[in-house]
1. Look at segment 105-124 and say how many of its residues are polar (S, T, N, Q) and under 16 Å from Gly52 (Cα atoms).
2. From the list Leu209, Leu152, Leu173, exactly one residue is within 30 Å of Gln367 (Cα to Cα) and buried (at least 18 other Cβ atoms within 10 Å of the Cβ). Which is it?
3. Hey, among the residues in segment 167-195 that are assigned to a helix (DSSP H, G or I), aliphatic (A, V, I, L, M) and in contact (Cβ under 8 Å) with a residue 60 or more places away in the chain, which one's farthest from the ligand (Cβ to nearest atom)?
4. Give just the number: which of (1) out of contact with any helix residue (DSSP H, G or I) (no Cβ under 8 Å at 6 or more places or on another chain); (2) within 16 Å of the ligand (Cβ to nearest atom); (3) at pLDDT 95 or above does Arg371 not satisfy?
5. Any residue that is within 14 Å of the ligand (Cβ to nearest atom) and either free of Cβ contacts under 8 Å to residues at least 24 places away in the same chain or part of a helix (DSSP H, G or I) (or both) - is there at least one of those in segment 310-325?
6. State all residues of segment 86-125 that are open to solvent by 50 Å² or more (accessible area, probe 1.4 Å), in contact with a Gly (Cβ under 8 Å, 6 or more places away or on another chain) and outside any helix (DSSP H, G or I); if no residue qualifies, say none.
7. Given the options Phe198, Phe261, Phe245, name the one that is within 16 Å of the ligand (Cβ to nearest atom), of a type in the set (A, V, I, L, M, F, W, C) and open to solvent by 50 Å² or more (accessible area, probe 1.4 Å).
8. What number of residues within segment 481-499 satisfy the criterion of being open to solvent by less than 30 Å² (accessible area, probe 1.4 Å), over 11 Å from Gln307 (Cβ atoms) and hydrophobic (A, V, I, L, M, F, W, C)?
Amino acid sequence: MPHDLASGAKPAGACALVIFGAAGDLTKRLVVPALYNLACAKLLPEEFAVIGFDLADHTDQSWHEELLQMLQQFVKGPANNGALHPDVWDWLTSRMSYLKGDLTDQASYQALKQKLAEVDQQRHTGGNYLFYLAIADRFFGTTVEQLGQSGLAKEANGNWRRVVIEKPFGHDLASAKALNHQILKVLDESQIYRIDHFLGKETVQNIMLFRFANGLFEPLWNRDRIDHVQITVAETVGVEKRGSFYEKTGALRDMVPNHVFQLVSMTAMEAPNSFSADAVRSEKAKVIEAIKICSKQDVSCHAVRGQYGPGEIDGQHVPGYREEVNVAPDSNVETYAAMRLSIENWRWAGVPFYIRTGKRLARRKTQIAIRFKEIPAALLRDIKIDQPVPNWLLLRIQPDEGIAFEFGAKVPGPRMRVGDVRMDFKYEDYFGTAPATGYETLIYDVMAGDATLFQRADNIEAGWSVVQPVLDVWNSEPPQNFPNYAAGSQGPAAADEMLAKEGRAWRPIN
Ligand code: BG6
């Protein structure tokens, strides 16, 4: 049975949503499909309106048509039975209007203000406004400033004004700090919702629940019982059509201080005092703040970069990174990054967290693998075990979402022999699948004023602080051997060596 997205939740309160970047890819691929799913689940209020703001020429009608085209592709999946519900789409589009505007021009914000006042009248949205910045990051600061100047960011008479900011939030520590400084002049921290879409994934949210709602695991979750942790975010896609973005970004910036560190902090955090937004975010920030910042001299031992060359994925030949559209033929941008992190706190001292992420790897796989310590081998000296049986707990984030535990069991027969076995739980078997982009929960939470799944300024800055020395060294020392892994492979050999010198090995990406 597919589980119900709503599962007992009530519709959000009255509000108007303004989407800046309404004609862009993110709006079409994620924001609007998520609104559609929320509407299907009856989680949007009757008193609801959407204003699409963009520089592109559109009428309400032509905007709706463009959105519908993408939505139709999106609902083709089995979770929706391949069908769009026209009544839901009509309900939604009757509330969606388009406003052509320029993000840098105050007159456009005045027009927006006027339109919002009309919408308040028609739809009784109560002066509660959610501004969604689905725009290029260079406009984040300006847009917030313009909202401030127009008076639209000011909360008064019990209404709320919230701003959702997409990734990338800064491109290094200094720019992230500067952006925080700029927007915090206009907005209070409680009005800012910095999105990391990994937190919209059910399986990521489940890490915390799994740890803190089950008595079994927490006593084992520390340096006494855990040998090391491996976090993998492997993709098979290349840079797709995003060559020019990726040339300025690279794998480290694109994935590590944000998505990968979300997984690190969920895995390593202490139990929060409550599940309130600030309690959870404070515990998460503490983990990232406890990561040892590596000196520039240590970067080469603790971080590995790679770039894919041509290769084969699923039997298809794929080009190397340097042959991709809008990529320089001698580009030194990394498409793979791995790091060894030391979390210097009481729980984790001495337990390395190895992280890796890359494009064009052997398989798409996001997984947290926890390796438990081995038994004292002498106790089993009379039993023939070629190798001690490793105990692994595997949290599979995507695809094939689930949790597995690998341990040793007696091989049937007269001799005492140990074999590796596996207990496996698959989400799908228990809860089915619900149509979801991962943005539903996030958008619903902003409407409800719940910031638990969003990044606070200190979470963001802590993440950048850890990767900054690596960025600095990589920028100043061009790699000598790019491309250094073939598309479809396990990544660069240097990443294997980083673990091998500590007597460990990555789990294969398969
Ligand atoms: C984005 C990155 O934030 O996350 C992409 O910019 C990456 O490069 C994507 O492919 C991965 O997200 P998901 O949800 O597909 O795992």
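1. Total satisfying the criteria: 3.
2. Numbers: Leu209 fails: buried (at least 18 other Cβ atoms within 10 Å of the Cβ); Leu152 fails: within 30 Å of Gln367 (Cα to Cα).
So the residue among Leu209, Leu152, Leu173 that is within 30 Å of Gln367 (Cα to Cα) and buried (at least 18 other Cβ atoms within 10 Å of the Cβ) is Leu173.
3. Top of the filtered list is Leu184.
4. That leaves (2) as the condition not met.
5. In the first step, residues of segment 310-325 are kept if they are within 14 Å of the ligand (Cβ to nearest atom); the result is 321, 324.
Subset that is either free of Cβ contacts under 8 Å to residues at least 24 places away in the same chain or part of a helix (DSSP H, G or I) (or both): 321.
The answer is yes; a qualifying residue exists.
6. None - no residue of segment 86-125 is open to solvent by 50 Å² or more (accessible area, probe 1.4 Å), in contact with a Gly (Cβ under 8 Å, 6 or more places away or on another chain) and outside any helix (DSSP H, G or I), so the list stays empty.
7. Every option except Phe245 fails the conditions.
8. Residues that pass the stated criteria total 3.
The values are calculated or read from the model by the stated rules, or taken from the named source; none is laboratory data. Predicted model, so just to flag it, every value in this text is computed and none were measured. Here the Cβ is made from the backbone with ideal geometry for all residues, glycine too, and neighbour counts use every protein chain on show. Accessible surface is based on the protein model in full, side chains and every heavy atom, while ligands, DNA and RNA are left aside. Shrake-Rupley method; radii C 1.70, N 1.55, O 1.52, S 1.80 Å.
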